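Just below is one structure, and these are the notes that go with it.
The values are calculated or read from the model by the stated rules, or taken from the named source; none is laboratory data. It should be emphasised that the depicted structure is a prediction, and the values quoted were computed from it without experimental measurement. Neighbour counts are summed over all protein chains in view; Cβ atoms, including those assigned to glycine, are modelled from backbone coordinates with ideal geometry. Protein only, heavy atoms only, side chains kept; ligands, DNA and RNA dropped before computing areas. Shrake-Rupley method; radii C 1.70, N 1.55, O 1.52, S 1.80 Å.
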Number of protein chains: 2
Amino acid sequence: MSAPQLQAVQCADCPIRHRAVCAKCNTDELETLDHIKYYRTFEAGQPVIWSGDAMSFVGSVVSGIATLTQTMEDGRTQMVGLLLPSDFVGRPGRDTAAYNVVATTELVMCCFRKKPFEDMMVETPHIAQRLLEMTLDELDAAREWMLVLGRKTAREKIASLLAIIARREASLHKETVKGEMVFDLKLTREAMADYLGLTLETVSRQISALKKDGVIVLQGKRHVTVPDMQRLMEEAGDDSDGGFLV
Amino acid sequence: MSAPQLQAVQCADCPIRHRAVCAKCNTDELETLDHIKYYRTFEAGQPVIWSGDAMSFVGSVVSGIATLTQTMEDGRTQMVGLLLPSDFVGRPGRDTAAYNVVATTELVMCCFRKKPFEDMMVETPHIAQRLLEMTLDELDAAREWMLVLGRKTAREKIASLLAIIARREASLHKETVKGEMVFDLKLTREAMADYLGLTLETVSRQISALKKDGVIVLQGKRHVTVPDMQRLMEEAGDDSDGGFLV
DNA sequence: CGACCATTTGAGCATCATCAACACTAGTGG
DNA sequence: CCACTAGTGTTGATGATGCTCAAATGGTCG
C-alpha cells in the first residue's frame, strides 16, 4: 500500500497541467520543470509537514486531498486551507512551514526543491504570474470563509461548506451548478468541524437537520445528493446567485 | 474640509515608498509611475467603493485607515481586511469590486487606472514580484484571522486584535514588541465587532474586563496602554513568542 | 466475535447575542 | 447659552445557540 504510480509522468500529460502553478508554462518551460520535479505520495492520515519544520520543497497536489491547519497549545484547531488537486503548497522565500499539512485521503504531490524552484521563478515570469493569480484566488476564498466563520449560524455554515464542495466538484467536471448535484464528502465530521469552527457534534446534528428538512439526501454517511442547489444556497445565506469566485 | 494636500508628491519622497507595491521599483520605474498615478482623498466614513461596482482603478493607501467588508442581505457584516498605509486595494484583472471599501479615518490613496497599471505589471516584474509578496502576506494574515474567528473566545479575540494592532504599530515605527506599548484604537467598537465576529456590546464588555484585570489601561475610550505585551499575548492564546509574521 | 473508529443522539450548561436603558460628547440651531 | 439630536460607548437582564460530557449505534477489520 505504499508509493503507487511513482513512474515519471510527463508534464504534458499531467492531469493538473492546466490549473496548477505550471498552467501558463510553454513547452520549453515544461521540459525544465520535468527535470527538477519529483513525486511523493502520502497515505490517508499521514502528515506532509508540520508547522515550524524546515520546508525544503514546494509543490502541487496532483491527486487526493490535504488539509492546512493551525493549532493552539490547548489543542483547539482551525482548518485554514483545503488543498485539492492543482493547489499549491509552500511559500517561495520561506524556509519553515507555517501550517500543518495533513493528507486526508491518499495523496500524490508533484514537488520541487525550493532553491531550484525559486531560481526558476526569477527566470520564468509565467510561473510567478500564475502563482500570483492562484494566491489572489486563495485570498478571495479565505475572505469568503471569514464571513462563514464570523457571521453564519451552524446550519448556514454546514450549508455553505456543502455548497463550496459542490461548486468545486462542478468546476472540476465543468458542470453547471444548478438543479441536482451528487458528490462524496471526503472529510470526516471532525474535519468539517475544524473547517467551520464548530464541534463535531454540532456538525452531525446540523447535517441530520438538513437531511430531515430535505435539503440534502444521504446514502451512507458520506455520499450526498443535493436535490436543489438553489435551495442549498438559500440555506447557506448566500444571495441568490452571487459569490461564484471559483 | 475637502481634498487636502493633493499636490503631487514625488514617488521618491513618498512615505510608503519602501513598503507599498512600488517598493522594488528602481528610479526609472518610479518615474513612469509618477506619470500615471493620481491621489484621491476620502473623509472619515466615506465609501471608497461598493461591492459589485465597476472598479476602474487600483491603488495604495498612503495615509489613514480603510476597511474591507462583506455583508449578507440581512445586514450581518464581516470585516475581511483592515487597510493601513502601504496596503494595496483592488485586484489586477478584475473589473468589479468584490468587497466594500470604506474610509475609517480621513484617507489618502495613491491610485492608478487599472489598464495602465496592468500594462505596466507585464513590463515591470518588480511590481508583480512585490504584489505577490504582499498577497502572500495578506493570505497569512487572513489565515491567522481565521483561527481567531473560528476558535477563540470573545476575550481572546479582543486580546488578539489589540496584539495585532500593537504589532503593526511597532513594525511601522520599527520598535520592539516587548514590554510596554501605547497606541490609539482607530476603530469604533462596532468596527472591532465586525472584525472579530462579535457584537459591539460584547466588545465593550470584554474591553472593560481586560481593563479591570489590568491587562490594558485606557485614557479615554480609544487611547490604549499595554503595560506588558507578554501578558496580552498570553490572553490572546498565542504561544509565548510565535506568530510574528508582520 | 471483539476492538476500534466514525457518527449519532441526549441532557445540561456557558457563552455570547439580543433587547433595552442610560451616559457622555460634539455639533446644530433657536 | 441652552435645548435638541446624533453618534458612540457602557451596563444590565434574559434567553438562544452551540459546547461539553456522556452513552449508544453501526460499520470495518483482524
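A few comments on the model shown:
- Positions within region B:197-215 being open to solvent by less than 20 Å² (accessible area, probe 1.4 Å) and within 11 Å of DNA strand D (Cβ to nearest atom), in sequence order: B:Val203, B:Ile207, B:Leu210
- Evaluation of A:Gly93 against (1) more than 17 Å from the chain's Cα centre (by Cα); (2) modelled with pLDDT of 95 or more; (3) closer than 21 Å to B:Asp137 by Cβ (one fails), failing number: (2)
- Total residues in region A:55-73, condition farther than 23 Å from A:Glu118 by Cα and either more than 8 Å from chain B (Cβ to nearest Cβ) or outside any loop (DSSP other than H, G, I, E, B) (or both): 8
- One residue alone among A:Asp194, A:Asp184 is buried (at least 20 other Cβ atoms within 10 Å of the Cβ), within 14 Å of DNA strand C (Cβ to nearest atom) and either acidic (Asp, Glu) or at pLDDT below 95 (or both), and that residue is A:Asp194.
- Selection status of B:Val48, part of a loop (DSSP other than H, G, I, E, B) and of a type in the set (A, V, I, L, M, F, W, C): no
- Checking A:Arg130, A:Arg167, A:Arg94, A:Arg151 one by one, the residue that is open to solvent by 10 Å² or more (accessible area, probe 1.4 Å) and touching a strand residue (DSSP E or B) at 6+ places or on another chain (Cβ under 6 Å) is A:Arg151 and no other.
- Identity of the residue in region A:206-239, touching a residue at least 24 places away in the same chain (Cβ under 8 Å), of a type in the set (S, T, N, Q) and within 15 Å of DNA strand C (Cβ to nearest atom), that ends up farthest from the other protein chains (Cβ to nearest Cβ): A:Thr225
- Matching entry among A:Val101, A:Val122 (being open to solvent by less than 30 Å² (accessible area, probe 1.4 Å) and within 14 Å of another protein chain (Cβ to nearest Cβ)): A:Val101
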